[in-house]
1. Out of everything in segment B:242-294 that is part of a loop (DSSP other than H, G, I, E, B) and of a type in the set (Gly, Ala, Ser), what residue ends up being nearest to B:SER40 (Cα to Cα)?
2. Which residues, counting only those in segment A:230-241, are surrounded by fewer than 23 Cβ atoms within 10 Å (Cβ to Cβ), assigned to a loop (DSSP other than H, G, I, E, B) and touching a Pro at 6+ places or on another chain (Cβ under 8 Å)?
3. Take the residues in segment A:140-158 that are within 8 Å of chain B (Cβ to nearest Cβ) and within 25 Å of the chain's Cα centre (by Cα), then tell me which one is surrounded by the most Cβ atoms within 10 Å (Cβ to Cβ).
4. Identify all residues within segment A:175-194 that are within 8 Å of another protein chain (Cβ to nearest Cβ), crowded, with 22+ Cβ neighbours inside 10 Å and of a type in the set (Ser, Thr, Tyr); write none if there are none.
5. Counting only residues that are in contact with a His (Cβ under 8 Å, 6 or more places away or on another chain) and more than 10 Å from chain B (Cβ to nearest Cβ), how many does segment A:379-389 have?
6. Take the residues in segment A:215-227 that are within 9 Å of another protein chain (Cβ to nearest Cβ) and outside any loop (DSSP other than H, G, I, E, B), then tell me which one is nearest to ligand 1 (Cβ to nearest atom).
7. So, in segment A:159-171, how many residues would count as being more than 7 Å from chain B (Cβ to nearest Cβ) and either surrounded by 15 or more Cβ atoms within 10 Å (Cβ to Cβ) or of a type in the set (Val, Ile, Thr) (or both)?
Number of protein chains: 2
Amino acid sequence: AGESDHQPFERCVNFPVSVVLPAAGTGERTGLQTPKQFCSFLGRPLISYTIQAFERVSWIQSIVVVVLKENMALMTDIIQRFQHRKVRVVPGGSTRHRSICSGVLALGELEGEESHAAVQPKVVIIHDAVRPFVEADFLYKIAMAAKEQGAAGAIRPLVSTVIATTSEGYLDHSLDRAKYRASEMPQGFTYDVIYQAYQRCTESDFDFGTECLHLALQYCGVSAKLIEGPPTLWKVTYKRDLAAAESIIKETLSRSACVVTGASAQAVTLAGTLQKAARTWDMELNVIPDLKGDNGSYLLTEWNFILVSGSLPCLSEVEAILTDFKAANRAPLHPFVIVWVHLSSSDELSISRTMAEQVAIMDLASAAKLQNIFLYGIQIHQSKDAEHWERSVLRVTEITSALIRERSPALVGQLLQA
Amino acid sequence: AGESDHQPFERCVNFPVSVVLPAAGTGERTGLQTPKQFCSFLGRPLISYTIQAFERVSWIQSIVVVVLKENMALMTDIIQRFQHRKVRVVPGGSTRHRSICSGVLALGELEGEESHAAVQPKVVIIHDAVRPFVEADFLYKIAMAAKEQGAAGAIRPLVSTVIATTSEGYLDHSLDRAKYRASEMPQGFTYDVIYQAYQRCTESDFDFGTECLHLALQYCGVSAKLIEGPPTLWKVTYKRDLAAAESIIKETLSRSACVVTGASAQAVTLAGTLQKAARTWDMELNVIPDLKGDNGSYLLTEWNFILVSGSLPCLSEVEAILTDFKAANRAPLHPFVIVWVHLSSSDELSISRTMAEQVAIMDLASAAKLQNIFLYGIQIHQSKDAEHWERSVLRVTEITSALIRERSPALVGQLLQA
Ligand SMILES: [Mg+2]
Ligand SMILES: [Mg+2]
């Protein structure tokens, strides 16, 4: 139950496919020191998301990442830290084509060398490290078309008119948008086509060219099949794209949460209200009494948790779930959220904590944060005034949604009032 | 003091310039119901930001916004609500060129009609409603070049290779990226050139064309001057761009805050620490004792506020500043943030509030929210343990920065613990 990244209808190819990810760019267009592929989103570098997108596809056998020599150690560390399998790192060339060529040659060397499992691929998919949102479906289309035609590439409609300029900086002519497309990534080639293209092309191609489809046409006579891709193929290019990527990643991580109610009838009622509200936030929300038995499998998923608790002392249930996570030996790759909703009984008319209690909550949250668990609390006070109670419940749903979506590191350990 | 949107070195043109903003698009590429130009960011529609970008430029005399007939009332309401001056709304045509043409004709009708102040412009700048981050500097370049050459347009380097496709969907050829550019907005034309271009062009141009520079070339023989623009000219096109735009808007609103310390020596010390930390968040932070005299002018700026207070009862100082805002008759167009940092004296060893106090804070914050003021509290407990105190101060800086940047509506009225 509850495996959000399971893809039930994945189509398989019946020939070996490998991937080359050129990641030797310096990314000067973001205006940042760090190249985009190494920029972190919720503690994880962009390139790790891209690798994950390929690793999730069962029929992709291996991935070669090409980086600058000086980034070899950094990349190797990322692969270990985020537990990537199927990945090899090779040093890149000084231009895009030299880097891709290094990757293609590395795939050829696989045969009979370190691993008998990996064979020389029939099809090579080339993708950019900075396009992390590529989907399995589209990779399938590219792989199949590449096998059939020798070459295939993603295209998108042009967003702007393309114009030719005179050497003095004036308009020469504008192109009819309907006849042209933007060439995007991924592209796919049979191994033979991409290998031959790089064998035959010139030094000038290596130095100034950027388009693999062009080499396949010019040096192998292969006219690539062009396939219209979804907007998700977009490339992280400018500083603004970093915010867009972070927002997409946060949205993905906020798709599902599991409400653990315990036995309290009031907790179950509150959970039902949360579940109704969650439909409007586009979040899947499952309600369970505890994490025992089959429900223990939630501990292994990418779901967020909402613990609704009526009991005192307040912290014991939170401590218990953190212990469960430790026991499940789960090392989450992104921060996930536990919102602890504490139902105060109606005779607790004041909000009173000692400094020691406050410090205990904060310490627990700080320790959890090191394990990539962001813990926040919400206290809701029972009220016999129906209107007051409804307003408080509405606030619980709003705060819960905001905490899960915004995932703010500065606010962990806070006990908010509903 | 402290007017963050003052542009001290604005260059002026000495001829009348008006603007046409076509905003009749339906924005199907975002996948949203609302056309992008009417999507709200922090409660304010995108088109209002774009209009503001032009209104801030002193030498722009008038702006014509062209919208679908069914959006006339909506647009008129936006203009009133966000207090735009210089703006007229006209109903648009069924295509981009028909809309721009309606705008140009409306500018011609200005003369001698409703207002003697507005004269027929020498230069017309055409811009997209969904490119809100255009800067005065660049508008100046376009206006000057348009006056001199008859037409001028923004260009950007191509992000992707452009390819020509065969009718069967295969690669025909790829264009040499170095020889082509993306045509962007704004574009500028002398009134005569754009007026004649639309008089002479065909129905087919009106129906299927999109490029004004092309019409100027074909029908007036004017070859536009092309000027490389900054990445900020980018167009909000896809759903991901909404997140990018929101992030840029939030960053702009988080550039400056004013720390009000009162007379307490401890508050002044804490303010100094905040000021040091703010340098690493890229925020300008001014420290002042109160908002009296000259400092009252801060109430009229787009600054955020951090109130550091040691006194009890806790809320009186917050109430006082809210009253000051009301007295200053300021209607902020975006939510701005007041973070109230309460220094608890060392003998308050417990965090104790009655429900009534809690409700009072929340009610105050809810009322302020209706005025576009987001109020959050942070409580810091004095400690004789130097290490503990330092950790708390660090937490105050982290939480303050997060609250100002994230500006979460769900968390207003919360009293966080440092
Ligand atoms: Mg290419
Ligand atoms: Mg145009």
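1. Taking segment B:242-294 and keeping what is part of a loop (DSSP other than H, G, I, E, B), we get B:254-255, B:261-264, B:282-283, B:289-292.
Now restrict to residues that are of a type in the set (Gly, Ala, Ser): B:254, B:262-264.
Values: B:SER254: 18, B:GLY262: 37, B:ALA263: 41, B:SER264: 41 Å.
Checked segment B:242-294; the qualifying residue nearest to B:SER40 (Cα to Cα) is B:SER254.
2. Correct list: A:TYR238 only.
3. The selected residue is A:GLY153.
4. A:SER183 - this is the single residue of segment A:175-194 that is within 8 Å of another protein chain (Cβ to nearest Cβ), crowded, with 22+ Cβ neighbours inside 10 Å and of a type in the set (Ser, Thr, Tyr).
5. Start the filter on segment A:379-389 by keeping residues that are in contact with a His (Cβ under 8 Å, 6 or more places away or on another chain), which leaves A:379-380.
With the extra rule that they be more than 10 Å from chain B (Cβ to nearest Cβ), the set shrinks to A:380.
The number of residues fulfilling the criteria is 1.
6. Here the residue is A:ALA216.
7. Start the filter on segment A:159-171 by keeping residues that are more than 7 Å from chain B (Cβ to nearest Cβ), which leaves A:166-168.
Retained after the next criterion (residues that are either surrounded by 15 or more Cβ atoms within 10 Å (Cβ to Cβ) or of a type in the set (Val, Ile, Thr) (or both)): A:166.
The number of residues fulfilling the criteria is 1.
Listed here are the residues, each with its yes/no results for (1) in contact (Cβ under 8 Å) with a residue 60 or more places away in the chain; (2) closer than 19 Å to A:LEU233 by Cα; (3) within 15 Å of the chain's Cα centre (by Cα).
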residue	(1), (2), (3)
A:PRO45	no, yes, yes
A:VAL64	no, no, no
A:GLU70	no, no, no
A:LEU74	no, no, no
A:PHE82	yes, no, yes
A:LYS86	no, no, no
A:PRO91	no, no, no
A:SER102	no, no, no
A:LEU107	yes, no, no
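The values are calculated or read from the model by the stated rules, or taken from the named source; none is laboratory data. All figures in this text were calculated on a predicted structure; none of them were measured in a lab. Note that each Cβ is placed from the backbone with ideal geometry, even for glycine, and that neighbours are counted across all protein chains shown.
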